[in-house]
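What follows is a short report on a single structure.
The values are calculated or read from the model by the stated rules, or taken from the named source; none is laboratory data. These numbers come from a predicted model, not from an experiment. Counting neighbours? That spans all protein chains shown, and the Cβs are built from the backbone with ideal geometry, glycine included. SASA here: full protein model, heavy atoms, side chains in, ligands and nucleic acids out. Shrake-Rupley method; radii C 1.70, N 1.55, O 1.52, S 1.80 Å.
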Amino acid sequence: MRIAAAQARPAWLDPTAGTKIVVEWLTKAAAAGVELVAFPETFLSGYPIWVADTGGARFDDPVQKAAYACYVEAAVALDGPQVATVREAVGDLGVFCYLGITERVRGTVYCTLVAIDPARGVVGAHRKLMPTHEERMVWGIGDGHGLRTHEVGAFRVGGLSCWENWMPQARHALYADGETLHISTWPGSIRNTKDITRFVAMEGRVYSLAVGAVLDYADVPAGFPLRDELLALGKPAGYDGGSAVAGPNGDWLVEPVVGEERLVIADLDPAEIARERHNFDPAGHYSRPDVFAVTVDRRRRTPATFLDD
């Protein structure tokens, strides 16, 4: 199977333009014979790049509140027109898609990884289990509903967002669900992908694809309340891509790509999975269920259960 990471520049906080970019890269992927393409974490409609460098923890600060309001307004709904457009393109092009979105549910935004099948539409929506550090000022805490793998060709594919790829239990849940291709999505940085991509491949004896965006403070649109403060920092934002693919033995198929927009493409052989699991299978002959009991709660959490006649 041919897979690709779409290492692209998002249209930050512009869901309409961002949707067009997603469709453009899906089209490029299909033209290259790609059967599965992954987009970076919260590619639609943007990673919260202002929080760390502008005092995002200032309580009741009017400018921070205004910035958050802009972020919520630009987020998309799972049943909204942006995801519907991407779903239609996926169906027309025949390319399975993993898309990172900022999912709006009332006044809360989740970091959500959406899996879209050409024939079945949206088959998964995984809300990040634990936002990392300053992200907790912006994103809600997810649940286990999306800890599922999906059949794509000869592979079973699962995905996690950014630092939850370091969570042993989350990885194990996907391995136990039969994962043979692991997707990790990132805001975009080689410092994040250069180690974990190969580690996941070696631990799970899976193919491992990491995808990150290319983004800078200059991409923040005019009118965002903290744009001038970000530009005044006089330094790069540090989102330089880092997309890569590793094989199930931990060797690079494509080493991390830095600083350019491109499709990072690799061809996978499913037979390699069985070869590498000859001596280690974390959810098979190395799982020891007689010693370790693992329960994964995949129920979607809601703020209330209404019991009506």
#### Entry: Span per principal axis, largest first, for the Cα atoms of region 1-65 (Å)
50, 22, 12
### Query
How large is ³J(HN,Hα) for each residue in region 35-48, as worked out from phi by the Karplus curve 6.51 cos²θ - 1.76 cosθ + 1.60 (θ = phi - 60°), to whole Hz, x for Gly and Pro?
9, 9, 10, 10, 10, x, 4, 6, 4, 10, 10, x, 7, x
### Task
Over region 33-77, average the accessible area per residue using a 1.4 Å probe and give it in Å², no decimals.
35 Å²
### Task
Send over a whole-number figure in Å² for the accessible area per residue of region 249-309, probe 1.4 Å.
78 Å²
### Message
Suppose the chain between Phe280 and Arg300 were pulled fully straight at 0.36 nm per residue; how much longer would it get relative to their current alpha carbon spacing?
### Response
3.9 nm
### Task
Please give the per residue accessible area of region 113-213, computed with a probe of 1.4 Å over protein heavy atoms only, in Å².
33 Å²
### Message
Among DSSP bridges having both ends in region 176-309, what percentage is antiparallel? Round to the nearest 5.
### Response
65 percent
### Query
Which loop-located chymotrypsin sites (Phe, Trp or Tyr not before Pro) does region 27-59 contain, where loop means any DSSP state but H, G, I, E or B and the Cβ has at most 12 other Cβ atoms within 10 Å?
Phe59
### Task
Take the Cβ-Cβ distance between Val72 and Asp267 as r, set R0 to 35 Å, and report the resulting FRET efficiency rounded to the nearest 0.05.
0.30
### Query
Hull surface divided by four, with the convex hull built on the Cα atoms of the chain: how many nm²?
17.6 nm²
### Task
Per residue of region 81-95, in order, report the coupling 6.51 cos²θ - 1.76 cosθ + 1.60 (Karplus, θ = phi - 60°) as ³J(HN,Hα) in whole Hz, putting x for Gly and Pro.
x, 5, 5, 4, 5, 5, 4, 5, 5, 4, x, 5, 8, x, 10
### Modelled label reach - Asp228, point 7 Å along Cα→Cβ, region 39-72 residues with backbone N closer than 18 Å
50, 54-55, 62-68
### Summary
Summing -39500 (n - 2.57) over every DSSP H run of at least 4 residues in the chain and dividing by its residue count gives a helix-only mean residue ellipticity at 222 nm, to the nearest 500 deg cm²/dmol, of -7500 deg cm²/dmol
### Message
So if I restrict to the alpha-carbon atoms in region 46-94, what is the Rg, and what is Dmax, the biggest pairwise distance, in Å?
### Response
15.9, 47
### Residue-wise HN-Hα coupling along region 136-150, computed from phi with Karplus coefficients 6.51, -1.76, 1.60 (Hz; x: Gly, Pro)
5, 6, 10, 9, x, 7, x, 9, x, 4, x, 7, 9, 9, 10
### Task
Only Cα pairs under 8 Å and at least 6 apart count here; give the relative contact order of the chain as a rounded whole percent.
20 percent
### Task
Quick one: which residues, 5 or more positions from Asp281 or on another chain, have an amide H under 5 Å from its amide H? H modelled 1.01 Å from N in the peptide plane, none for Pro or chain starts.
Tyr286
### Query
Taking 0.36 nm per intervening residue step and subtracting the Cα-Cα distance, what contour gain separates Phe59 from Asn249 on full extension?
63.7 nm
#### Entry: Dimensionless Rg/Rh of region 29-131 - Kirkwood Rh, Rg from C-alpha atoms
1.06
### Summary
The Kirkwood hydrodynamic radius of region 223-284, taken as the inverse of the mean 1/r over all distinct Cα pairs, in Å, comes to 15.4 Å
### Message
I'd like the Kirkwood hydrodynamic radius of region 129-247, using the inverse of the mean 1/r over distinct C-alpha pairs, in Å.
### Response
15.7 Å
### Query
Can you give the FRET efficiency for His133 and Ala154, using 1/(1 + (r/R0)^6), R0 = 51 Å, r = Cβ-Cβ distance, to the nearest 0.05?
0.85
### Within the accessible area of the chain (1.4 Å probe), percent carbon and sulfur
52 percent
#### Entry: Dipole axis of region 97-147 (+1 Lys, Arg; -1 Asp, Glu on Cβ), positive-most option in Val122, Leu147, Gly107
Gly107
### Query
Which value in nm describes the separation of the simple spin-label points at Lys235 and Val105, placed 7 Å from the Cα toward the beta carbon?
3.5 nm
### Query
For the chain, modelled as a Gaussian network with Cα springs under 10 Å, which listed residue fluctuates most, Gly56, Gly159, Gly100?
Gly56
